Amino acid sequence: MMSNLLLGAAVVVVAPIVVPAVLAGVRPVAKIVIKGGVYVYDTARAMVAEAGEQLGDLVAEAHSELTTSTTAPQTSAGQA
């Protein structure tokens, strides 16, 4: 019983000193992790936007070719 009381008192005395020191050490690590996450997000977003643009270009090109091939006059191979 007495040892638990002493342990509790020690925690109350030491906590205001230790907790801010620990938090000060964790903050830079947390910032680095957050920066990494933001970088990955921005890079992935740019890659998805580029892929979407390329896909849109392909669809437009295919649509154009399809429209051109259906509206062009058909000629037979034997006629000159």
Exercise for the section: Sort through G8, G56 and tell me the only one that's assigned to a helix (DSSP H, G or I) and at pLDDT 95 or above. Expected result: G56
Exercise for the section: Among the residues of the range 11-31, count how many are exposed (fewer than 10 other Cβ atoms within 10 Å of the Cβ) and modelled with pLDDT of 90 or more. Expected result: 2
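The values are calculated or read from the model by the stated rules, or taken from the named source; none is laboratory data. It should be emphasised that the depicted structure is a prediction, and the values quoted were computed from it without experimental measurement. So basically every Cβ, Gly included, is an ideal-geometry build from the backbone, and we count neighbours across all protein chains shown.
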